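Comments concern the structure below.
The values are calculated or read from the model by the stated rules, or taken from the named source; none is laboratory data. The structure presented is a predicted model; accordingly, all values stated were derived computationally and were not measured. As a convention, Cβ positions derive from the backbone with ideal geometry for all residues, glycine included, and neighbour counts pool all protein chains shown.
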Amino acid sequence: MQRLFAAVLVGAAVFAGLPAQAQAPAQPPPFATTKVEGTDNVYIFRALGAQAMFVVTPEGVIATDPISYSRRDASTVYLQEIRKVTNAPVKYVVYSHHHYDHIAGGKPFKDAGAIFVSHQRAKERLQALDDPHTVIPDQTFKSLRTITLGGTTLELRYLGLNHSDSTIVMRLPKEKIVFAVDFISAGTMPGRGMIDSYPIEWEDSLKRLLAMDWDRLIPGHPGPGGRLGTKKDVQDYLALLQDASAEVKTLAREGKCWDTAEKEMKLEKWKSFPGFEAGLPFVARRYCGLWGRGT
Ligand SMILES: [Zn+2]
């Protein structure tokens with residue numbers, strides 16, 4: 001008993017002697033702005049777990065996704081962060097797709113005179129959803145639109161159905177950078193992003209992304225350690241979706257969807273992918289919908 005008491009005391013002394021940050025992992029600040037290495041004018045604004053790209057030119061700024069969802073003040077901070085870099089007007093706000101967790105809260109940009117651009121389907125979705133916190137796009141396109149401003153070219157391209165039916169990829173041809181949201185990650189497991197998705201066409205859109213000319217990917221959610229993505233990440237993500245699809249297809253044809261298949265699905269090869277545990281049920285559910293029911 002005495003020995004146990006002494007051990008507890010020693011334990012308490014060691015614990016009390018630790019600096020505060022060693023007892024609990026330090027939380028990253030809610031907002032962060034970083035310039036993309038090797039570029040003169042490409043920035044990433046992060047608000048909690050979402051991020052957007054903005055491009056600064058002498059004639060104005062091209063911003064993307066307002067990301068005012070978990071934090072309603074994110075777009076106000078976003079605009080302030082742009083103002084720290086330049087006084088040039090924000091000419092455009094481009095939506096990656098129509099989901100609120102990326103595009104809600106554009107009003108400060110609208111008030112500043114920005115033109116909102118999205119895929120045609122995103123506008124149709126947003127008009128039907130009529131969310132009071134989301135700005136309806138001013139301009140739309142169907143397959144390709146190129147924005148040229150102050151010597152910078154930004155290409156907006158629809159790659160087909162994937163994580164949603166309104167997702168586009170944005171490419172800076174000179175910088176060889178793409179900004180792509182939710183249909184690809186920099187090494188993290190898909191999760192809730194499966195809910196609204198088109199799994200068969202998704203694979204084709206990733207193949208189209210691979211065929212495009214770029215070196216670095218800015219994802220809509222930061223990769224592990226905040227790293228950018230590469231084509232290897234796209235290859236991995238495609239392989240993960242293909243493996244998940246094949247595994248559930250077999251289970252579905254044994255009549256195991258929904259519940260049994262969702263319990264039996266292992267996706268063993270991808271166990272070490274960040275976010276695996278949390279993401280797997282969403283992946284299993286979506287592919288059970290596809291192969292078990294045809295939806
Ligand atoms: Zn989304």
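One residue stands out in the range 243-258 among those that are more than 27 Å from the chain's Cα centre (by Cα) and either aliphatic (A, V, I, L, M) or modelled with pLDDT under 95 (or both): the one that is surrounded by the fewest Cβ atoms within 10 Å (Cβ to Cβ), namely TRP258. Just a yes or no: is a residue in the range 226-240 hydrophobic (A, V, I, L, M, F, W, C), in contact (Cβ under 8 Å) with a residue 12 or more places away in the chain and within 16 Å of the ligand (Cβ to nearest atom)? Scanning the range 226-240 turns up no residue that is hydrophobic (A, V, I, L, M, F, W, C), in contact (Cβ under 8 Å) with a residue 12 or more places away in the chain and within 16 Å of the ligand (Cβ to nearest atom). Inspection of the range 71-86 finds no residue satisfying the criterion of being outside any loop (DSSP other than H, G, I, E, B), within 15 Å of the ligand (Cβ to nearest atom) and under 22 Å from LEU228 (Cα atoms).
Output yes when any residue across the range 229-241 is at pLDDT 95 or above and part of a loop (DSSP other than H, G, I, E, B), and no when none is. Yes, some residue in the range 229-241 is at pLDDT 95 or above and part of a loop (DSSP other than H, G, I, E, B). Can you confirm whether the range 194-202 contains a residue that is buried (at least 20 other Cβ atoms within 10 Å of the Cβ) and out of contact with any helix residue (DSSP H, G or I) (no Cβ under 8 Å at 6 or more places or on another chain)? No.
In the range 242-275, the residue that is farthest from ILE177 (Cα to Cα) out of those that are of a type in the set (Lys, Arg) and not in a helix (DSSP H, G or I) is LYS256.
For the condition more than 16 Å from the ligand (Cβ to nearest atom), touching a residue at least 40 places away in the same chain (Cβ under 8 Å) and under 19 Å from MET212 (Cα atoms), LEU144 does not qualify. If you go through the range 211-220 and keep only what is surrounded by 14 or more Cβ atoms within 10 Å (Cβ to Cβ) and either under 19 Å from GLY160 (Cα atoms) or touching a helix residue (DSSP H, G or I) at 6+ places or on another chain (Cβ under 9 Å) (or both), you end up with MET212, TRP214, LEU217, PRO219, GLY220. A Cβ distance below 7 Å, combined with a sequence gap of six or more or placement on separate chains, defines the contacts here; from the range 89-101, residues that are surrounded by fewer than 24 Cβ atoms within 10 Å (Cβ to Cβ) reach residues that are part of a loop (DSSP other than H, G, I, E, B) and among the polar types (S, T, N, Q) in the pairs TYR100/THR134. Which of the residues that make up the range 265-295 are within 11 Å of ALA252 (Cβ to Cβ) and either buried (at least 21 other Cβ atoms within 10 Å of the Cβ) or touching a helix residue (DSSP H, G or I) at 6+ places or on another chain (Cβ under 8 Å) (or both)? Listed by number, the residues that qualify are MET265, ALA284, TYR287, CYS288, LEU290, TRP291, GLY292. For the range 42-65, residues that are among the small types (Gly, Ala, Ser), farther than 13 Å from ALA180 by Cα and in contact with a strand residue (DSSP E or B) (Cβ under 6 Å, 6 or more places away or on another chain) total 3. Of all residues in the range 93-130, those satisfying the criterion of being in contact with a helix residue (DSSP H, G or I) (Cβ under 9 Å, 6 or more places away or on another chain), away from the ligand (no atom under 16 Å from the Cβ) and assigned to a strand (DSSP E or B) are VAL93, PHE116. Tell me, please, whether a residue that is surrounded by 16 or more Cβ atoms within 10 Å (Cβ to Cβ), of a type in the set (Asp, Glu) and within 16 Å of the ligand (Cβ to nearest atom) can be found in the range 159-173. Checked against the condition, which is being surrounded by 16 or more Cβ atoms within 10 Å (Cβ to Cβ), of a type in the set (Asp, Glu) and within 16 Å of the ligand (Cβ to nearest atom), the range 159-173 yields at least one hit.
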